[in-house]
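Here's the structure we're looking at; comments come further down.
The values are calculated or read from the model by the stated rules, or taken from the named source; none is laboratory data. Just so you know, these numbers come straight off a predicted model, no measurement behind them. Cβ placement follows ideal geometry from the backbone for every residue including glycine, while neighbour counts extend to all protein chains displayed.
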């Protein structure tokens, strides 16, 4: 699956950009988002969808997004627009697609087959296009792990809370407690599948303090990044989803102490007066692996 950097996928910040607005397409390309999704779905009125396909194809072929990992959010199969979207925008410069409104693994298996046919028609290697799946309904939340494992192309699950809340007839609550369960379940499903867990956006776009609180909780729940609604949210969200210097130093000390204990034949490790268990060591190794992946992303 293609991306413009080596190492593991890193999607701390995922910026959606309407595909029919020139100014926003240009801003998306120059943003500091780890990944950008050019939208053909909800953000584009029906009468503008063909125009959006043409504009997206143009900016991709002009290499405007050459230094970005770039996806296109297409319309789901039940709309009858999926094939038109693929025909309009699929090209070697595109890394993949965001598939919205998935309900079951079969939705992703069908889309996977369409992508294989498209790759064959374009002369691209099988698996060139990756998939990020939007989890937007209660049924999708319950099926999240099976959806994540439905195709080797799936590199991330993305929570979309608005449609979820509409179907649940739920409400925004203090500290977004009404979203606590789906956020946790989606994070667990993605982590169990070994892919990126991307959180729903924080909708109060000018409230950066609230964004930091929301993103910090998301990371505590196991999310690896989040959707951002505007470039002004990127720096705050990216900071929350990047290990701090203190975390990196502690993880390094844990790993080095464990290695020293192994050489000395000791089974007990203590760092900063804390007993280091095998799970603690495992978590430290994973954190340092994540740091290395972020460095690969930021160095290309």
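Table for the structure above
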{"read-out": "Of all residues making up segment 26-56, the number that are surrounded by fewer than 23 Cβ atoms within 10 Å (Cβ to Cβ) and more than 30 Å from residue 105 (Cβ to Cβ)", "value": "13"}
{"read-out": "Considering residues of segment 32-52 that are part of a helix (DSSP H, G or I) and touching a strand residue (DSSP E or B) at 6+ places or on another chain (Cβ under 9 Å) only, the residue nearest to residue 4 (Cα to Cα)", "value": "52"}
{"read-out": "Count of residues meeting criterion [crowded, with 20+ Cβ neighbours inside 10 Å and outside any loop (DSSP other than H, G, I, E, B)] in segment 58-68", "value": "2"}
{"read-out": "Flag for residue 141 being outside any helix (DSSP H, G or I) and either under 30 Å from residue 218 (Cα atoms) or in the same structural domain as residue 72 (by TED's automatic domain parsing) (or both)", "value": "no"}
{"read-out": "Candidates 120, 112, filtered to the one that is within 20 Å of residue 3 (Cα to Cα) and either outside the structural domain of residue 42 (by TED's automatic domain parsing) or more than 23 Å from the chain's Cα centre (by Cα) (or both)", "value": "120"}
{"read-out": "Selection status of residue 71, touching a strand residue (DSSP E or B) at 6+ places or on another chain (Cβ under 7 Å), assigned to a helix (DSSP H, G or I), crowded, with 17+ Cβ neighbours inside 10 Å and modelled with pLDDT of 95 or more", "value": "no"}
{"read-out": "Residues of segment 1-25 satisfying the condition of being under 20 Å from residue 202 (Cα atoms), surrounded by fewer than 24 Cβ atoms within 10 Å (Cβ to Cβ) and out of contact with any helix residue (DSSP H, G or I) (no Cβ under 7 Å at 6 or more places or on another chain)", "value": "24"}
{"read-out": "Lone unmet requirement of (1) within 22 Å of residue 223 (Cβ to Cβ); (2) surrounded by fewer than 23 Cβ atoms within 10 Å (Cβ to Cβ); (3) modelled with pLDDT of 95 or more for residue 109", "value": "(1)"}
{"read-out": "Those residues of segment 216-228 which are farther than 15 Å from residue 172 by Cβ and either outside any helix (DSSP H, G or I) or out of contact with any strand residue (DSSP E or B) (no Cβ under 6 Å at 6 or more places or on another chain) (or both), in sequence order", "value": "216, 219, 220, 221, 222, 223, 224, 225, 226, 227, 228"}
{"read-out": "Qualifying positions in segment 87-102 - out of contact with any strand residue (DSSP E or B) (no Cβ under 8 Å at 6 or more places or on another chain) and buried (at least 18 other Cβ atoms within 10 Å of the Cβ)", "value": "88, 90"}
{"read-out": "The listed residue being crowded, with 17+ Cβ neighbours inside 10 Å and at pLDDT 95 or above, out of 122, 142, 115", "value": "115"}
{"read-out": "Odd one out for residue 162, checked against (1) modelled with pLDDT of 95 or more; (2) within 21 Å of residue 11 (Cβ to Cβ)", "value": "(1)"}
{"read-out": "Residue selected from segment 186-206 under the condition in contact with a strand residue (DSSP E or B) (Cβ under 6 Å, 6 or more places away or on another chain) and part of a loop (DSSP other than H, G, I, E, B), by the criterion farthest from residue 33 (Cα to Cα)", "value": "195"}
